[in-house]
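Please treat every number below as a calculation from the coordinates, not as lab data. Please read all numbers here as calculations on a predicted model, not as lab measurements. All Cβ positions, glycine included, derive from the backbone under ideal geometry; neighbour counts span all protein chains shown.
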Amino acid sequence: MENKELLKKQVEELAKRVNGEVEESLGTLVLKVKASYIIETLKAAKNFGETPCDFLHDLAGVDIGDHFEVVYQLSSLRGPQKLRVKAIVDRETPIIDSATSIWGGANFLEREAYDMFGIQFKGHPNLKRIYLWDDFEGFPMRKDYVAEPVEVRNVVRVRREDE
Amino acid sequence: MSVDRTEELLLNMGPQHPSMHGVFRMVVHLEGEVVTKIEPKLGYLHRGIEKLAESRTYPQFIPYTDRLDYLASPHNNFAYVLAVEKLMGIQVPERGEYLRIIFAELARIASHMVFIASAALDIAGWTAWGYAFRDRERILDLFEMTAGSRLTVNAMRIGGMIKEPPAEFWPALKSFLDDLPEMFEEYYGIYLGNEITMGRLKNVGILTKEMAENLSITGPVLRASGVNYDVRKAEPYSIYDRFDFEVPVLYGCDSYDRNLIRLDEMKESAKILRQALRDIPEGPIMAKVPKLIKPPAGEVYHRVENPKGELGFYIVSDGTTKPVRMRIRTGTFINLQTLTEICTGWKIQDVVAIFATLDAVLGEVDK
């Protein structure tokens, strides 16, 4: 339990610096921040003195309705600490800084979030669709996405020159 | 001194290529025969499982999880039902827990057998392929006896297991466990201890500890790079804290160690299975769950140690029968990020061998 208290102290201190909110959900600490603070938050979480959350376990977009969230699941290979960081992203202009400068592992995950939600990750080295084809229109995991009828969906895809 | 350079050559491997383990495509940039860059192209098997989850009820989604890592489907069921149970606060009966462990560890052995078979095949070891697939058949028979299907087993339910295994399951499992040590010796003798295998794989495709941590690598690939981390030990779920087993760690960081670690993990799984078989109590296999599964509003993240990496489910619920968001964190999708780093500087035949050691299953990569 000691580890958890140490982590909680660190997270609360950090929350004050980045105007975040701390919650607890089924035993996991959740830190909610605005998108503009995300790099500062993640860097600080990576360097928490005795309880560093230095392993990017997962990164995913979530459509909440009036805004998007980018959810980072942080953990560590050296201890039991876990932290969930949520960045609030504006729905109209979904832009957030890329975490690829902190963890190389964010590369594919951010591409997936871009592919499915259209969240732009500023500073990503190769922000292209990862699953869907490049001329796909719309972002299918958004709640307001309307799937097209089958006749429209079955278009023949034209190969691009650089493929 | 002038250096001769050749024109860069682009080579498309896949999606229909015998060594791609499914419909995976990579664009290999070559200089002569040496790889300078690899671009993985995903999405040929993308079915939008995360999107489908939003229009299915919680129990309806269990068969979809089978189609993620289809070589170890009980594990995917396991991760999903654990996440929902954590959200709802359901306690599974003892016998149900033991049966889940038995299925999960059998699936781990089956998955690693396929790994040994396909990795051997990728460096032209046809004989080892036959041995490993022959033995995996016995595990699939055990699944078939209980759940009726062999590959997409769909064995677990929210609150327990689908069915009690039939009477002939137990002697069959026991005789399988008795034969396992001999099988491991065969795999070692014919594949891993083979001089050609060692020549092809030793010191090929180095993935250092620092690289692995930075790239969020999990599972056997991480442990073959010298990191002692296994969710079953670090954050024991279900009843894994009751079993006595080791986490194999190797420090070679090369393709050979990524092969060898699978053999070691199978041995540990066999240990767990023997203990589970010894300790399994009598009793019910299903908890009392409501007819209509309606988790309370909230969110949960649960991860398990899949044979190929960590599998995590992040479920956001709004208190209705369908989830708002179902995020699936799959191991091999993220592990594939290393491909370009560990293949650079090697030749095409090494790329095939290195790719095999990442043990990618496209159902899991493309979701």
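State yes or no: is B:Ile217 within 30 Å of A:Ile102 (Cβ to Cβ), part of a loop (DSSP other than H, G, I, E, B) and in contact with a Leu (Cβ under 8 Å, 6 or more places away or on another chain)?
Numbers: within 30 Å of A:Ile102 (Cβ to Cβ): yes; part of a loop (DSSP other than H, G, I, E, B): yes; in contact with a Leu (Cβ under 8 Å, 6 or more places away or on another chain): yes.
Yes.
Name every residue in the stretch B:201-214 that is at negative phi and surrounded by fewer than 24 Cβ atoms within 10 Å (Cβ to Cβ), in order of residue number. If you could, list the steps in order and put the result at the bottom.
Quick first cut of the stretch B:201-214, residues at negative phi only: B:201-202, B:204, B:206-214.
If the condition is that a residue be at negative phi and surrounded by fewer than 24 Cβ atoms within 10 Å (Cβ to Cβ), then B:Lys202, B:Val204, B:Ile206, B:Thr208, B:Lys209, B:Glu210, B:Met211, B:Glu213, B:Asn214 are the ones that fit.
If only one of A:Asp134, A:Asp115, A:Asp162 is part of a helix (DSSP H, G or I), within 14 Å of chain B (Cβ to nearest Cβ), free of Cβ contacts under 8 Å to residues at least 40 places away in the same chain and not aliphatic (A, V, I, L, M), which one is it?
Working: A:Asp134 fails: part of a helix (DSSP H, G or I); A:Asp162 fails: part of a helix (DSSP H, G or I).
None of the other options fit; the residue is A:Asp115.
Just the residues that are within 14 Å of chain B (Cβ to nearest Cβ) and either under 16 Å from B:Arg329 (Cα atoms) or over 13 Å from the mean Cα position of the chain (by Cα) (or both), please, taken from the stretch A:86-101. Give the derivation first.
From the stretch A:86-101, those within 14 Å of chain B (Cβ to nearest Cβ) are A:86, A:99-101; that's our starting set.
Across the stretch A:86-101, the qualifying residue is only A:Ser101.
B:Arg278 fails exactly one of the following numbered conditions: (1) of a type outside the set (Asp, Glu); (2) under 27 Å from B:Leu142 (Cβ atoms); (3) assigned to a helix (DSSP H, G or I); (4) touching a residue at least 12 places away in the same chain (Cβ under 8 Å). What is the number of that condition?
(4)
I'm told A:Leu83 meets every condition in (1) farther than 20 Å from B:Glu235 by Cα; (2) in contact (Cβ under 8 Å) with a residue 60 or more places away in the chain except one. Can you identify the failing condition by its number?
(1)
If we only count strands (runs of 3 or more DSSP E) wholly inside the stretch A:1-110, which ones have 2 or more residues that are surrounded by 16 or more Cβ atoms within 10 Å (Cβ to Cβ)?
Details: elements: A:21-25, A:28-34, A:55-63, A:67-75, A:82-90, A:95-97.
By residue number, A:28-34, A:55-63, A:67-75, A:82-90, A:95-97.
Among the residues of the stretch B:113-167, write down those that are among the charged types (D, E, K, R) and assigned to a loop (DSSP other than H, G, I, E, B).
We begin by selecting, within the stretch B:113-167, every residue among the charged types (D, E, K, R); these are B:122, B:134-138, B:141, B:144, B:150, B:157, B:163-164.
Listed by number, the residues that qualify are B:Arg150, B:Lys163, B:Glu164.
Name, by its number, the condition in (1) within 21 Å of the chain's Cα centre (by Cα); (2) more than 13 Å from every other protein chain (Cβ to nearest Cβ); (3) part of a loop (DSSP other than H, G, I, E, B) that does not hold for B:Gly43.
For B:Gly43, the failing item is (2).
Can you go through A:Leu42, A:Leu29 and tell me which one is in contact with a helix residue (DSSP H, G or I) (Cβ under 7 Å, 6 or more places away or on another chain) and in contact (Cβ under 8 Å) with a residue 24 or more places away in the chain?
Details: A:Leu42 fails: in contact with a helix residue (DSSP H, G or I) (Cβ under 7 Å, 6 or more places away or on another chain).
Exactly one residue qualifies, and that residue is A:Leu29.
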